[in-house]
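Encoded as structure tokens, the structure appears first; notes follow it.
The values are calculated or read from the model by the stated rules, or taken from the named source; none is laboratory data. Model, not experiment: these values are computed from the prediction. Quick reminder, even Gly has a Cβ in these numbers, built from the backbone with ideal geometry, and neighbours come from all protein chains shown. To get the accessible areas, we keep the full protein, side chains included, count just its heavy atoms, and leave off ligands, DNA and RNA. Shrake-Rupley method; radii C 1.70, N 1.55, O 1.52, S 1.80 Å.
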Amino acid sequence: MKLATYANGTPDGELIVVSDDGARYLPATGIAPTLQAAIDSWSDAEPKLRTLTNRLASGEGEKLADVPLAAPLPRAWQWLDGSAFRSHGELMETLFGTEPPPPGRPLMYQGLSHQFLAATADMPLPREEDGIDFEGEFGIITDFVPMGVTPAEAMAHIKLIVQINDWSLRALAPIEMKTGFGWVQAKPACSVAPFSVTPDVLG
């Protein structure tokens, strides 16, 4: 199943379901007004959203090409960014002169989540001298994950997958890292590709 958010001028947009080929869509506001609302009631919303996917597969739907799309989740309760590859961690340690984390503890920070930019939106940054850079990442959207779940239990809470451009201001990052409290100015809002997909789409 492929979901997107129609940019209707409101902070959270309107939820739509998109055909497998990305050509057509059906509005999903009768099921959930926004993607966040769908996630909040996923067990009830998911089967209803899949009925729209089936209708799209049968040829229904409106043309998507001219519809403005926001980030799938224009804002979220929380955004955690983790580094899954040891080589990335080693590069960061060299760059910032920090010690490696204890075994079993990945590099992770809590970033700002009040805004995620659309894939085609301009990235508002004040100065090139701040060292503008970005990394392509995969992101997951979960429903409510209770405290203390095991990794295996946590897997069941993954509902959607997205692609992200994670922006960084490299000139500011070392200054903020030395405070020991993490990034604020060095990590502006991320840009997100327009579609979110359920894990089964990826096999």
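If we scan region 161-171, do we find a residue that is open to solvent by less than 40 Å² (accessible area, probe 1.4 Å), among the acidic types (D, E), in contact (Cβ under 8 Å) with a residue 12 or more places away in the chain and within 30 Å of S41 (Cα to Cα)?
yes
Hey, could you check region 33-66 for residues that are polar (S, T, N, Q) and either open to solvent by less than 30 Å² (accessible area, probe 1.4 Å) or not in a loop (DSSP other than H, G, I, E, B) (or both) and say which is nearest to F134 (Cα to Cα)?
That would be Q36.
Report every pair of residues separated by at least 6 positions or lying on different chains whose Cβ atoms are under 8 Å apart, first residue within region 41-54 and among the basic types (K, R), second outside any helix (DSSP H, G or I).
From residues that are among the basic types (K, R), the pairs are K48/I31; R50/M1.
Output the residue which, of all residues in region 155-203 that are of a type in the set (D, E, K, R) and in a helix (DSSP H, G or I), is modelled with the lowest pLDDT.
First pass over region 155-203, keeping only residues of a type in the set (D, E, K, R): 159, 166, 170, 176, 178, 187, 200.
Now narrow it down to the ones that are in a helix (DSSP H, G or I): 176, 200.
Working: E176: 86, D200: 95.
Step by step, filter region 155-203, then rank; the result is E176.
Looking only at region 1-29, which residues are within 20 Å of the chain's Cα centre (by Cα) and part of a strand (DSSP E or B)?
K2, L3, A4, T5, Y6, E14, L15, I16, V17, V18
Which residues, taken from region 87-132, are outside any helix (DSSP H, G or I) and of a type in the set (D, E)?
Within region 87-132, E99, D122 meet the criteria.
Determine whether L69 is buried (at least 18 other Cβ atoms within 10 Å of the Cβ), over 29 Å from G136 (Cα atoms) and at pLDDT 95 or above.
Judged against the criteria, L69 is not a match.
In region 176-198, which residues are within 17 Å of Q110 (Cα to Cα) and open to solvent by 20 Å² or more (accessible area, probe 1.4 Å)?
Residues satisfying the conditions are E176, M177, K178, T179, G180, F181, G182, W183, V184, Q185, P188.
Failed condition for D20, given (1) more than 24 Å from F144 (Cα to Cα); (2) open to solvent by less than 80 Å² (accessible area, probe 1.4 Å), with all others met?
(2)
I'd like the full set of residues that are more than 12 Å from the chain's Cα centre (by Cα) and surrounded by 15 or more Cβ atoms within 10 Å (Cβ to Cβ), limited to region 122-145.
D130, I132, D143
Quick one: what pairs do we get from region 119-133, first residue closer than 18 Å to P174 by Cβ, second in a loop (DSSP other than H, G, I, E, B) and of a type in the set (S, T, N, Q), C-beta under 9 Å, 6+ apart or different chains?
D130/Q185
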